[in-house]
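Following: one structure in structure tokens, then a few remarks.
Readers should treat all values here as calculations from the given coordinates under stated rules, not as data from a laboratory. Keep in mind the model is a prediction, meaning the values are calculated, not measured. Glycine gets a Cβ as well: all are built from the backbone with ideal geometry, and neighbour counts include every protein chain shown.
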Amino acid sequence: MFNQPVESARELLVRYHSGERIFKSASLDGAKLRDADLNHVSLVEAYLVRADLRGADLREAHLERADLRNANLSGANLEGSHLEGANLAGTNLEGVKFDASIMPNGRIRWRGI
């Protein structure tokens, strides 16, 4: 099952909890992943438009070039995550923890900055 496309939030969570961590190019438009534990997940080039990731644990996640337009990340923990090239247009980022994250512009975000 590893390295197979993932197309639903439920499938992602089942496979993640089975030990899989790499979900490149996952198609998760509108996925409901509120409060999900996804630390160390790799969602490189994932399609997460309108995804509900409120309160999700995405510490040290790889979200390079992910499309997160109009997603809701409020209250999510993205400490140490990689967001280079990610599209965050229209994304709700209220209360997101970004400490030590690499932001879409390639800069590292430190607490208080």
The chain, relative contact order in percent, only Cα pairs under 8 angstrom and at least six apart counted: 17
Low-density loop positions, chymotrypsin sites (Phe, Trp or Tyr not before Pro), region 11-113 - DSSP coil, at most 11 other Cβ in 10 Å: W110
Kirkwood hydrodynamic radius of region 1-85, from inverse mean 1/r over distinct Cα pairs, in Å: 12.2
Antiparallel content of DSSP bridges confined to the chain, in %, to 5: 15
Within-15-Å neighbourhood charge of E94 [Cβ basis; K, R +1; D, E -1]: +2
Value at 222 nm in deg cm²/dmol, rounded to 500, when DSSP H runs of n ≥ 4 in the chain each add -39,500 (n - 2.57): -2000 deg cm²/dmol
Using θ = phi - 60° and Karplus 6.51 cos²θ - 1.76 cosθ + 1.60, couplings along region 26-35 (whole Hz; Gly, Pro as x): 4, 9, 10, 4, x, 4, 9, 10, 4, 6
Amide H contacts of S81 (H built 1.01 Å from N, under 5 Å, at least 5 apart or other chain): E60, A61, S101, I102
